[in-house]
1. Cross-link partners among lysines for Lys371, C-alpha distance below 24 Å, same-chain residues fewer than 8 apart left out?
2. Order of Lys170, Lys311 from fewest to most other C-beta atoms within 10 Å?
3. Antiparallel versus total DSSP beta bridges in the chain: what percent is that, nearest 5?
4. Quick one: of the DSSP bridges fully inside segment 47-199, what percent are antiparallel, nearest 5?
5. In whole Hz, what ³J(HN,Hα) sequence does segment 521-532 give by Karplus (6.51, -1.76, 1.60; θ = phi - 60°), x for Gly and Pro?
6. Specify which labelled value, from [x] 92, 48, 42; [y] 79, 59, 48; [z] 92, 63, 45, agrees with Cα extents along the principal axes in Å derived from the coordinates of the model shown.
7. For the residues Arg88, Arg34, what sequence is obtained by ranking on other C-beta atoms within 10 Å, fewest first?
8. Distance in nm between label sites at Thr458 and Thr203, each 7 Å beyond Cα in the beta-carbon direction?
Amino acid sequence: MSEGPELYPDDEDNRALEANVHPRDWRNPEPAQRYNLVVIGAGTAGLVTAAGAAGLGARVALIERNWLGGDCLNVGCIPSKVLLRSARAMGDIRKAGELGVRVPPGSQADFAAVMQRMRRIRRRISAMDSAQRFRDLGVDVFFGSARFAGGDRVEVRAGEPHGDRSLRFKRAVIATGARPIVPAIPGLSEAGFLTNETVFSLTTLPRRMVVLGAGPIGCELAQAFQRLGSQVTLVEMGSQFLPREDPDAAAILLASLRRDGVDVRLETTLSEVAASPLPRSGSPAGSGDSPDSADADSHGAKRVTLDRGGKSETLTVDEILVGVGRAPNVENLGLAEVGIETDRRGVVVNDRLQTANPRVYAAGDVCLSYKFTHAADFSARTVIQNALFFGRSRASALTIPWCTYSEPEIAHVGLYEREAAAAGFEIDTFVRQLAEVDRAIAEDDEEGFVKIHVKRGTDKIVGATIVARNAGDMISEVSVAMAGKVGLSRLASVIHPYPTQAEAIRQIGDAYRRTRLTPLVARVLRAFLALTR
């Protein structure tokens, strides 16, 4: 069978991870005569689909060419949030003096220990995504490359000793995810670079790092590495940080990163990379491929050329982290041969996540515009209903929030003001600054806000942005209100513990209620109260 990708470093935690998500001694099972569902790809969307369908009694096959758990477990959500937790601790230490807490000067992060903790936690969580667990759930787990070989068949190319296998299906699901986009920059591949797929294999802190792209991945990791001790230059070709986000929210994060010491370059392009003759400061290498333990320290420093406004500047750095977007994994699946269409966003699906081939569905990053783990999870639930039970569940009906886990965090759900304006959709916007919220003042977390949009003339919530230390947790209250059709006025009547930062949401509800007190209503109330004195 296929041996799977290499993990670096070769330590106890990574070996235990491998034993869960791509065990070397795994033997692919003999295929069933026919499956209710064949799932291609074992990231979040594939795992949720396989586990959910099997739990309902379906006969399920799950095919994965690399690691069970996909990006989220191995090179995405889990390792990044562990890293961010350590970086947050360093940020708190540097801010401690403002809170009256004295810490030893020169406190530093132990980067090797930070990464060891990451590997230990990743190993622990990987048990939930393990091949053994899914076999125990009744799923036939196959490691190998999948390709459609007819209207009702998928071939699994697993190599020796099993060779190829042919799986017949009634329905199939494509859940192959996405991968980092690598820009065509002269010299980049030759000099070596990191992506989210390789950065978590580092064991030594890069002293100087360029992060290319100010999207969520770039912003989170730029802040984390800066706080852990790197000197980070963040390069963004656009004029705004997090170009999708509310400009007010992006501006707050930009200021926060600059306070941390990140050298932010907006409207700047990285035009060329060259290997530097200068000695490197030391860090395990990255490239577009998985690192190999034999040459993990072989890459030297690099010279990068930055262009802005017709002027060029050359920097010497130890690592380049590329975070400019993601491309769907649609190659070598035989999709065209079975009538499945693709475009630049991935597999083309209808609102029920069905492809042009009615037997085949897709879920997760390979087909969704919103490439988030939670979106993949709930798209999988939609697929289970529609593929197995002739359901009519619609992806467009999902309320999907998201969050950039920087400090402060930026969370959003629903429409932005610009989207409402472009659609000719009239809204009223209510804002509560955290500088007006007691808990935020007490914790010195005043930089941020809660912004909620309602349909004009009503209390129907159509969108919200929250900038706060725990915005990702706070946005769920608004998401529940939107999904449950609970209006902003109703939120004002929900008792929130005092003091909490989430109280800002209730206070916005109060602000909305005050707009209902028109001059006419106020006169009527005054007259009534005067009569009843």
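What follows is calculated from the coordinates using simple rules that are stated; it is not laboratory data. Predicted model, so just to flag it, every value in this text is computed and none were measured. Here Cβ is always computed from backbone atoms with ideal geometry, including for glycine, and neighbour counts include all displayed protein chains.
1. Hits, sequence-local ones excluded: Lys81, Lys451.
2. Values: Lys170 15, Lys311 8.
Least crowded to most crowded, the residues run Lys311, Lys170.
3. Numbers: 50 of 81 bridges.
Rounded to the nearest five, the antiparallel share is 60 percent.
4. Working: 9 of 14 bridges.
Roughly 65 percent of the DSSP beta bridges within segment 47-199 come out antiparallel.
5. Result, rounded to whole Hz: 4, 4, 5, 4, 5, 5, 5, 4, 5, 5, 6, 9.
6. [z]
7. Numbers: Arg88 17, Arg34 12.
By the 10 Å Cβ count, ascending, the order reads Arg34, Arg88.
8. 5.9
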